[in-house]
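Participant: The following block contains the structure, expressed as structure tokens.
The numbers here are math on the coordinates, done by the rules we state, and not lab data. Just so we're clear, the structure is a prediction, and the values are computed from it rather than from any experiment. In this analysis, Cβ positions are derived from the backbone assuming ideal geometry, glycine residues included, and neighbour counts consider all displayed protein chains.
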Amino acid sequence: MTRLVTRTVVRSVRRILRRALVGVAVSASVAQAHPIHTTLTVITPDASGATFSVRAFADDFSTVVARFVGKKPPKDSSALDADVQRYIGAQFTVANAAGMPIVLQPCGVRRDKELYWICFRVVLPNSARGAKVRNQMLTELHTDQVNIVQVENKGARKTMLFTKGSAPAVIGG
């Protein structure tokens with residue numbers, strides 16, 4: 001009888017330990033996830049237009065890019081450059097002072113561990129004055145998504161925040 005009780009206790013302890021280990025593993029994976037949902041875009045105007053440098057977390061970014069082009073999100077957070085450009089073109093808009101859309105010209109996509117760095121340029125023949133941007137990246141994935149867009153021009157910095165449904169904002173004074 002004592003052996004039966006001992007076996008039952010040992011089995012119960014093993015079950016509890018297994019559940020605890022699963023809980024620790026889940027907690028560890030959640031702890032590694034980033035707690036904020038944001039992108040950062042730095043716009044650098046020049047004589048012929050502006051360069052946009054976008055930083056996004058690889059896991060979320062690859063998920064929305066894959067969904068956007070009708071693919072299954074990859075486990076390795078990868079994304080094809082062509083798919084990235086299609087997504088950016090739909091979610092990040094630039095318009096001139098008259099409200100006409102400006103074509104985004106890709107200048108590179110780089111993966112650095114858990115981040116993507118996306119570069120694109122726009123040509124603004126009459127300067128950035130009155131040009132407007134709108135960043136809706138990842139807002140279809142996270143309700144608390146905040147996209148930070150900073151314009152750096154001759155030492156001055158202007159910061160804009162975009163959330164789901166935000167209206168375009170003027171980048172050039």
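Participant: Going by the conditions given, is ASN147 under 17 Å from HIS37 (Cβ atoms), surrounded by 15 or more Cβ atoms within 10 Å (Cβ to Cβ) and among the polar types (S, T, N, Q)?
Facilitator: yes
Participant: From the residues in the range 93-118 that are touching a Phe, Trp or Tyr at 6+ places or on another chain (Cβ under 7 Å) and surrounded by fewer than 19 Cβ atoms within 10 Å (Cβ to Cβ), which one is farthest from ALA50 (Cα to Cα)?
Facilitator: Among those that are touching a Phe, Trp or Tyr at 6+ places or on another chain (Cβ under 7 Å) and surrounded by fewer than 19 Cβ atoms within 10 Å (Cβ to Cβ), it is GLU114.
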